[in-house]
Amino acid sequence: MSLCNVPQLQELYFHPWKLPSETSTLVDDQFYSFIEYMAGSTLSNLLRVQEINSDPILLLTADVFEYLFLKINDPQTDLLRQDTLLQMDNNTSVVKSANRTKINCLLGILKIASDRINYSLFTTPSATPAIPTTNTSINAMSSGEDSRLLRVNDERSHLLKCIDDWSSLNDTLLNLKNFKLKEGSNFKLNVKTGTNGIQASIECQCKSIITLGKHQNRLIPSNFYRHLKSPGCKHINRLLKEQESEETNRNNSYSTSTSSSS
């Protein structure tokens with residue numbers, strides 16, 4: 001598999017659905033090349049020395065950095081420690097925050113990709129044998145309607161999953177604490193068939209209507225994300241003001257309580 005068409009980690013952080021599904025099948029040298037492309041040679045070598053050679057094994061590994069704290073004396077491990085760990089004044093070592101962040105980000109993206117593959121396996125409709133009938137035109141129309149309905153439902157589920165994944169990965173991006181995007185509370189999703197195939201739009205709680213684009217023939221909600229991050233989204237602005245007001249009231253209450261006790 002060529003890595004030239006795989007987005008960088010920074011882009012996948014905001015658009016995890018752009019990760020090609022083929023990456024989930026990479027093993028051994030191809031897998032390590034993928035990790036090096038995404039997170040650098042040091043982290044790739046760290047996985048290689050532990051024989052973590054595929055997506056499933058990486059996702060099932062509790063902590064890839066635990067190996068560095070074992071009593072292992074060899075030049076390769078010592079070099080990995082120098083590149084990965086930060087030495088403290090009290091002769092202890094901690095994982096450099098950049099390395100920990102890269103791995104956590106990569107694990108989150110791979111988990112989303114794995115969930116999406118598993119979801120598609122369980123939701124792909126199986127082929128059903130044709131039933132002979134004299135009224136073939138009616139059956140053909142019914143079959144076409146069923147097929148369109150299945151596609152609309154599939155795209156709708158796909159979009160809601162993308163929005164949920166993005167919301168989980170970017171919970172602090174909007175400066176809102178414990179914020180989770182929910183249909184009905186924050187937006188309304190409209191998916192329908194049109195002359196150009198399946199189309200979708202999202203009505204934000206601020207009443208703005210955002211038309212969604214496509215990537216590799218699948219609808220993507222990136223236009224909605226851009227709207228939420230823009231200064232013009234009155235819904236997010238209102239939530240920020242409410243959060244600021246609550247924090248101010250909480251601080252004032254704490255100050256009053258402290259003054260009374262003293």
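Can you pull the one-decimal nm distance between simple spin-label points at GLN243 and GLU66, each 7 Å off the Cα toward Cβ?
Modelled inter-label distance: 3.4 nm.
Run the simple label-point estimate for LEU3 and ILE57 please: 7 Å along Cα→C-beta, distance reported in nm.
About 1.8 nm, to one decimal.
Just subtract the alpha-carbon distance of LEU107 and SER33 from 0.36 nm times their residue separation and send over the number in nm, one decimal.
Stretched out fully, the LEU107 to SER33 stretch lengthens by 25.0 nm.
Please give the length that would be gained between SER41 and LYS234 if that part of the chain were fully extended, namely 0.36 nm times their separation in residues minus their C-alpha to C-alpha distance (nm, one decimal).
Value of the extension gain: 65.1 nm.
Mind ranking 30-42, 205-217, 10-22 by how tightly packed they are, going by the mean number of other C-beta atoms within 10 angstrom, highest first?
30-42, 10-22, 205-217
How many nm separate the modelled label positions at ASP115 and ASP78, each set 7 Å beyond the Cα in the direction of the Cβ?
Inter-label distance under the simple model: 4.3 nm.
How big is the charge dipole of the stretch 168-262 about its Cα centre, in debye rounded to the nearest 20, if each Lys and Arg gets +1 on its Cβ and each Asp and Glu gets -1 on its Cβ?
About 400 debye.
Among the listed pairs LYS161/LYS188; LYS161/LYS182; LYS161/LYS234, give every one whose C-alpha distance is greater than 18 Å.
Too far apart for the 18 Å limit: LYS161/LYS234.
Quick check: residue separation of GLN87 and ASN178 times 0.36 nm, minus the Cα distance between them. What number comes out in nm?
Net length gain for the segment: 29.4 nm.
Hey, which lysines would be in cross-link range of LYS71, C-alpha to C-alpha under 23 Å, not counting anything within fewer than 8 residues on its own chain?
LYS96
Just reorder PHE224, PHE179 by solvent-accessible area, largest first, 1.4 Å probe, all chains present.
So, going from the largest accessible area down, we get PHE179, PHE224.
The values are calculated or read from the model by the stated rules, or taken from the named source; none is laboratory data. What you are looking at is a predicted structure, and each value in this text was computed from that prediction instead of being measured. Cβ sites come from the backbone with ideal geometry, for glycine too, and all protein chains shown count toward neighbours. Remember, those area values only see protein heavy atoms, side chains included, never the ligands or the DNA or RNA. Shrake-Rupley method; radii C 1.70, N 1.55, O 1.52, S 1.80 Å.
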